[in-house]
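Notes follow once the structure below has been shown.
Every read-out reported here was derived from the displayed coordinates using simple, explicitly stated rules and does not represent laboratory data. As the structure is a prediction and not an experimental result, all values here were calculated from the model. Because the Cβ atoms are built from the backbone with ideal geometry, glycine has one as well, and the counts that use them run over all protein chains shown.
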Amino acid sequence: MSDTENQVIADLAEQTADPVEIVTGRAGDRAVDLYAFMRRAEQQLELVDLAQYAPTPDRKKGQVTLTDAASFSTYINRHADATTTTLWGDVSRARIIAVFDDHSTGTEAGWGQHRALLGLQLTEDWAHWTARDGQMMAQAAFAAHLEDGAAAVVSPDAATLLEVAQSFHAKNNVAFRSAARLDSGEVQFLYEENVTAKAGQKGELAVPASFELGLAPFEGGEAQRIVARFRYRLSEGRITLGYKLTRPDQVLRAAFDEITANIAKAVALPVLAGSPR
């Protein structure tokens, strides 16, 4: 018994009836040194496990949170045991959990109290473009949204999309009359000037029917190609604009699967779909 444990028993003896040793020894890998004592003042029976005063804990427990796949893999390789470590991937929560003391591959039960969590972080570009997916916006709001996200545009180039945004900024005081799809695939809008000096003057504005983005859903992941289809609504000379991403759920899933596959390879353990107990 250590000096610290002896001191704990001595301190208890000063304020209680004599402590009674209930059990001492080992339970599996765990050191057991359990005492019962009665506090004189409160007449309450209490138990003290001296394991909490040992120089080191009797087993590993607790949960750490990692912010990138490489650190997560490093931590797993440091603590994993092929017979008791399990990995769990949950794409809906964008997380992967490692349980180092899970039930073994045999019949032995595990505590499930030593864990590591990888919480995947969405990139700013992914958050920007998915936040307004399917929403219709006024001209100025749509133009600002295109400008703020132009860095992720792959095709047509960002300069072309910025030109479209600037055009909608410039045509904020016109009445849109009609729209037609051109052979080139662009959508052409016909408008009339509302400004007094130019009232009645007509013009045309063409925009691409769709554009392509290069987005990495998760920090540290590879960029994935995703098509955004241009949308518009005309009503009494006013226009609202938006876009619809093509199956962003599949792009997100593919990115998650790629990360889990890389982790599984790095740690030589499979990633199970779901959540641990």
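How much net charge surrounds Ala175 when only the other residues with a Cβ under 9 Å from the Cβ of Ala175 are counted, with Lys and Arg +1 and Asp and Glu -1? Its environment carries a net charge of -1.
Site pair Arg59 and Glu163 shows an inter-label distance of 6.7 nm when each label is modelled 7 Å from Cα along Cα→Cβ.
Here the Debye sum runs over all C-alpha atoms of segment 124-247 as equal scatterers in vacuum, and log10 of I(q)/I(0) at q = 0.10, 0.14, 0.15, 0.22 Å⁻¹ comes out as -0.32, -0.60, -0.68, -1.32. Within the same chain, lysines fewer than 8 places from Lys244 are excluded, and of the rest, those with a Cα less than 26 Å from its Cα are Lys171.
Sorting Glu186, Glu108, Glu236 on the 10 Å Cβ count, fewest up front, what's the list? It would help to have the intermediate numbers written out before the result.
Values: Glu186 15, Glu108 10, Glu236 6.
Listed from fewest to most nearby Cβ atoms, that is Glu236, Glu108, Glu186.
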